[in-house]
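Participant: After the structure tokens below, expect a handful of questions from me.
Just so it is clear, none of the values below were taken in a lab; they were calculated from the coordinates. Please read all numbers here as calculations on a predicted model, not as lab measurements. FYI the Cβ positions are ideal-geometry reconstructions off the backbone, even for glycines, and counts take in every protein chain you see.
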Amino acid sequence: MIHASLGAITDVAIEWPSLADIVRTLTLRAGYNTTVVIVGAALLGLAGGIVGTFALFRRRALVADALSHAALPGIALAFMVGVALAGHGRSTPLLLAGAAAGGIAGLLAIHAIARWTRLGEDAAIGIVLSVFFGFGTVLLGLIQGMSTGKEGGLKTFIYGQTAAMQASDAANIGAIAIASIILVSLLLKEFRLLCFDETFARAQGWPTNTLDYLILAMVLVVLVVGLQAVGLLLVVAILIIPPAAARFWSDRLDRLLWIAGGIGLAGGYFGAAASSLLPRMPAGAVIVLTSGLFFLVSMAFAPRRGLLAAAARRFVLRFRITRDHVLRAMLELKELVEPSIAADPHAVIRHAGASPLSGRLAILLARSQGLISRSTDGITLTPRGLENALRVVRNHRLWEQYLMHYAEIAPSHVDWSADLVEHVLDPSLIADLEKALSDDAERSGLPPSAHPLTARGRP
Amino acid sequence: MNESTYTFIAVDLPAMLALTLACLTCGLLGNYLVLRRESLMGDAIAHSVLPGIVLAFLLTGSRDAFPMFLGAAGAGVVAVILIDALCRYGRVERSAAMGVVFCVLFAAGVLLLRLASAENVDLDADCVLYGQPETIIWYPPAEWSQFFTWATLVGYVSPEGHAVGGVPSQVVALACTLLVTVICLRLFHKELALAAFDPGLAGSLGFSPVWITRGLMVLIAAATVVSFEAIGSILVIAMLICPGATARLCTDKLKHQIRLSGAFAAASGLIGYIVGAFGPGWLGFEGSLIVSGSATVIAGLLLVAAMIAAPGQGLISVRRRRTALERRIAREDVIAMVYRAEELGQNQGLSFETIRRSLASARAARLGISAARRSGHVVNAPAGVIRLTDKGREEARTIVRSHRLWELFLVRELGIRPDHVHPTAERLEHLRDASGRIMPQREHGELDPHDRQIP
């Protein structure tokens, strides 16, 4: 690992840019080259987000990864062809054509392995990815050893070199982004059908295979134009990360496409800007990490599917459940110790089987909702609280009956099971249960408990 | 010892050994990835260990194996946990979750690598791609007589002040990992097999499939890390998947598969090294290829060879089986047809034309007639017709019997209309197992649905 040329790049420490630089870069006033790079990367992100959404739904995310790795031997072979025919191989269109050919060969190999052997698609993807890449490295070694010498910057395809992007490259990427948007808006219905109900689409006579290949073709095009900028190791990220992040924000395909495109655009824009401000940072990696940041933010903060929202929902639910348990405990304690109307909070919490803290919080919640009133000798149910408690107890006991009679659970176990299910009741189901068990339900509509009530709560 | 031998022992031998050991360790572990259809987990882990390796590097500033190992194993475990968390809590589809996690971690690794090279730490970006086994060097003593001593193994400083001996630490680490891997695979063979083939059963028997999976992933991360210098963190994916996949195509028994995969992996490493290091020289070129790349290509070629020629699973034997079946069915169709003609009183045989008209194609007719003639079921008679031999008649009677019994069964037991059963019976009459032709039973003396005798 001792590397002779290392001295050339060791003199750099990170220099943090000034605020003015940042503003200038972000407003695209930091010189022609930087602007071209930023616009190009943003457009690439846009195209990647839109095309990637379909790749994600067709579960082709990692196929795309294999394709991008398979581009390496294609590039190397194209270079050798160029050297053989024209004396040099540094023609970008030729190399990109080679990359596309390599990707197509990789795709065919995946199909062949998955179809003709008992190895799964996963093994096929891994095999193609690594073996093609290995072949590519061998070819790179050969090229380095060839008498013509220069490897012509082929290595930039591996890690990418955003800074080398030229106006024509940016224009190409822009054209591809626009073309993909047009194609997607023309075929939105067909793609939607393919993504969500392939069998139905086929039964309706849509050419599902052609559509599938169309998606793969778009994937390949985005990968190939992204190679130079992001590098073939990471280019698949612009297809995977934005749609995966967008998935947290919406369930509707059309919105998803816009959001994914937007996240890709922002990732490319900020990533390229950051890498131009921190000149020694590899742009591809910075773009990927910026998108990764967007993914993280989406996963944490998205309104419905985000982790925080889910945690909050769970917390609220658990809180409500504890409150219901407290209400039920108060009613059952009243049944146990008839004359005393006001109950001791500790006994109630114990009977509800809640921890002291969450029990007390639940009592607070119930008081704030006007379900419980507090006096000197304890807590009592308000009329509304009584109504609620009756409902809860009723559900609980109906469930106990149901579990005993229909699910054949032993009476000693039903209390606990009923605890779990009484909170997921569907109103129509309650009605059915009530009808089925109306014989048991007397006494203010309250069926008797299936097991002896004890002050411990749990039988 | 002469100079070229010395060079071989100093430069080629350790690198070859390292590459082979790395291939062997990864190849053995990869079996379970292939069986569990989690090959891409290997892909994800291999990409994800990079930041761990570089971080350990940055923190310690050295290439000591142990911190690097810790860092990378940590990164591997983090990747596995993150992927699981994305799937479970984020409800991200699994392959997308893998893609997100390993892309981000790999990008972080690349970024850290750039920082590392800026901090004057000699970690080379190319090493990530294909390792650098050529940097694994041993300094053997100059004389054979000093060779097999303890001092040579652990290394010492010669009187002239040169470091001599000392098996390279990478080779030692690889050998230890291989040993641990083999021991683990032996010890937990049962558990690993159970979790791979039937995780539900494993769970209900009390072997937590989750923990078995985690253990396997940790081993894979470890193997990936110690193989880093020998083969890099991308080509290692080939070694994790290819040998196991190749062996899977060659056998149905797990034990054989594991042994075969070891053989394939070691062969890829050895042949790959030899081809890569010496191949260009033999062809008259300067320099050498990237040896880990050529090892990968060898592994790929082995896989292609297995796809084509593996016994039982390869394209050739599948093709051969299919042709044999095709021949048997065509033959049976032909002799059954001649038999039916005899039943109707036409005893002088059938012409090729007649047979061709009622079989699926001319090819099937030709195939069936030639097969029947070769097996002695029919003979050529004058005027271009073929007739049954006694053996053929016996065989044809069983086929027609099977056909009519199946028709009877379809009508009586499955309630299919009599005019619809013929095509199905036409297929079922060919069914056989090891003990002979499979056919339903009947009451004595029953006729088939078309009121014909059942022979």
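Participant: Within the stretch B:324-346, which residues have the backbone N less than 20 Å from the label spot 7 Å out from B:Lys391 along Cα→beta-carbon, could you tell me?
Facilitator: B:324-340
Participant: On to the next question. Of A:Leu186, A:Phe157, A:Met218, which is farthest on the positive side of the dipole of the stretch A:133-290, counting Cα position, with +1 on Lys and Arg Cβ, -1 on Asp and Glu Cβ, and the Cα centre as origin?
Facilitator: Checking the options against the dipole of the stretch A:133-290, the answer is A:Phe157.
Participant: Between A:Leu188 and B:Val379, how high is the FRET efficiency from 1/(1 + (r/R0)^6) when r is the Cβ-Cβ distance and R₀ = 60 Å? Nearest 0.05.
Facilitator: So the FRET efficiency works out to roughly 0.30.
Participant: Multiplying the sequence separation of B:Arg363 and B:Glu413 by 0.36 nm and subtracting their Cα-Cα distance, what value in nm do you get? Please report the intermediate quantities before stating the final value.
Facilitator: Working: separation 50, 0.36 × 50 = 18.00 nm, distance 3.56 nm.
Length gained between B:Arg363 and B:Glu413: 14.4 nm.
Participant: Separate question: Gap in Å between the Cα centre of the stretch A:17-47 and the Cα centre of the stretch A:57-76?
Facilitator: 28
Participant: Could you sort the peptides B:400-407, A:296-303 by per-residue average Cβ neighbour count (10 Å cutoff), highest mean leading?
Facilitator: B:400-407, A:296-303
Participant: Shifting gears a bit: Kindly provide the trypsin sites (Lys or Arg not before Pro) of the stretch A:236-320 that DSSP labels as loop, not H, G, I, E or B, and whose Cβ sees at most 13 other Cβ atoms within 10 Å.
Facilitator: Filter output for the stretch A:236-320: A:Arg252, A:Arg304.
Participant: Using the Karplus curve 6.51 cos²θ - 1.76 cosθ + 1.60 with θ = phi - 60°, work out ³J(HN,Hα) for each residue of the stretch A:157-167 in order, rounded to whole Hz, and write x for Gly and Pro.
Facilitator: Going residue by residue, I get 6, 6, 9, x, 8, 4, 5, 7, 5, 10, 4 Hz, with x marking Gly and Pro.
Participant: Please provide three numbers in whole Å: the alpha-carbon extents of the stretch B:318-437 along the principal axes, with the largest listed first.
Facilitator: 45, 40, 27
Participant: Could you let me know the centre-to-centre spacing of the stretch B:166-226 and the stretch B:390-455, using Cα atoms, in angstrom?
Facilitator: Centre-to-centre (Cα) distance: 54 Å.
Participant: Could you give log10 I(q)/I(0) at q = 0.05, 0.10 Å⁻¹ for the protein assembly as shown, computed by the Debye formula over C-alpha point scatterers of equal weight, without solvent?
Facilitator: Log10 of I(q)/I(0), two decimals: -0.45, -1.13.
Participant: Enumerate by residue number the trypsin sites (Lys or Arg not before Pro) in the stretch B:22-114 meeting two conditions: DSSP loop (anything except H, G, I, E, B), and at most 16 other Cβ atoms within 10 Å of the site's Cβ.
Facilitator: Values: sites: B:Arg36, B:Arg37, B:Arg63, B:Arg88, B:Arg91, B:Arg94, B:Arg114; in loops: B:Arg36, B:Arg37, B:Arg63, B:Arg91.
When the trypsin sites (Lys or Arg not before Pro) of the stretch B:22-114 are filtered for loop state and at most 16 Cβ neighbours within 10 Å, B:Arg37, B:Arg91 remain.
Participant: On average, how many beta carbons from a partner chain sit within 10 Å of the beta carbon of a residue in A:54-65?
Facilitator: Values: counts 0, 2, 5, 2, 0, 4, 2, 10, 10, 1, 1, 9.
Whole-number average of other-chain Cβ neighbours for A:54-65 is 4.
Participant: Find which of B:Val104, B:Thr20, B:Ser208 sits farthest along the positive direction of the dipole of chain B, computed with +1 on the beta-carbon of Lys and Arg, -1 on that of Asp and Glu, about the Cα centre.
Facilitator: The residue sitting most towards the positive pole is B:Ser208.
Participant: Can you compute the FRET efficiency between A:Phe301 and A:Arg252 using 1/(1 + (r/R0)^6), with r the Cβ-Cβ distance and R0 = 22 Å? Round to the nearest 0.05. Don't skip to the answer; put the middle values down first.
Facilitator: On the way: r = 19 Å, r/R0 = 0.87.
Calculated transfer efficiency: 0.70.
Participant: Label B:Ser435 and A:Ala217 with points 7 Å out from Cα along Cα→Cβ: what is the distance between them in nm?
Facilitator: It is 5.7 nm.
Participant: Can you compute the modelled spin-label distance between B:Arg452 and A:Arg318, with each label point 7 Å from Cα toward Cβ, in nm?
Facilitator: Distance between the two pseudo-spin positions: 7.5 nm.
Participant: Can you give the FRET efficiency to the nearest 0.05 for B:Ser204 and A:Ser355, using r as the Cβ-Cβ distance and R₀ = 30 Å?
Facilitator: That gives a FRET efficiency of 0.40.
Participant: Would you calculate, for chain B, the mean residue ellipticity at 222 nm contributed by helices, counting each DSSP H stretch of 4 or more residues as -39,500 (n - 2.57) and dividing by all residues, to the nearest 500?
Facilitator: Values: 20 runs with 309 residues, N = 455.
Estimated from H runs of four or more residues: -22500 deg cm²/dmol.
Participant: Hey, got a sec? Which chymotrypsin sites (Phe, Trp or Tyr not before Pro) in the stretch B:41-108 land in a DSSP loop and have at most 14 other Cβ atoms within 10 Å?
Facilitator: Qualifying residues, ordered by number: B:Tyr89.
Participant: In whole Hz, with x marking every Gly and Pro, tabulate ³J(HN,Hα) for the stretch B:245-251 from phi via Karplus 6.51 cos²θ - 1.76 cosθ + 1.60, θ = phi - 60°.
Facilitator: Here the 3J(HN,Hα) series is 5, 4, 5, 4, 6, 8, 8 Hz.
Participant: Can I ask one more? On a full-extension model of 0.36 nm per residue, what is the gain between B:Arg322 and B:Arg427, subtracting their alpha-carbon distance, rounded to one decimal in nm? Walk me through the numbers on the way to the answer.
Facilitator: Values: separation 105, 0.36 × 105 = 37.80 nm, distance 1.55 nm.
In short, 36.3 nm is gained.
Participant: Between the helical axis of B:94-118 and the dominant principal axis of chain B, each derived from Cα atoms, what acute angle in degrees is found, rounded to the nearest 10?
Facilitator: Here the helix axis deviates by roughly 20 degrees.
Participant: To continue, here is another question. Compute the acute angle (0 to 90°) between the alpha-carbon long axis of helix B:315-343 and the principal axis of greatest extent of the alpha-carbon atoms of chain B; round to the nearest 10°.
Facilitator: Between helix and principal axis, roughly 0 degrees.
Participant: Using a 7 Å offset from the Cα along the Cα-to-Cβ direction at both B:Tyr89 and A:Ala311, what is the distance between the two label points in nm, to one decimal?
Facilitator: Using points 7 Å along Cα→Cβ, the separation is 0.7 nm.
Participant: Under 5 Å between amide hydrogens, which residues at least 5 positions from B:Leu350 or on another chain qualify, with H placed 1.01 Å from N in the peptide plane?
Facilitator: Placed amide hydrogens put B:Ile386 under 5 Å from B:Leu350.
Participant: Could you compute Rg(Cα) / (2.2 N^0.38 Å) for chain B, with N its residue count?
Facilitator: 1.44
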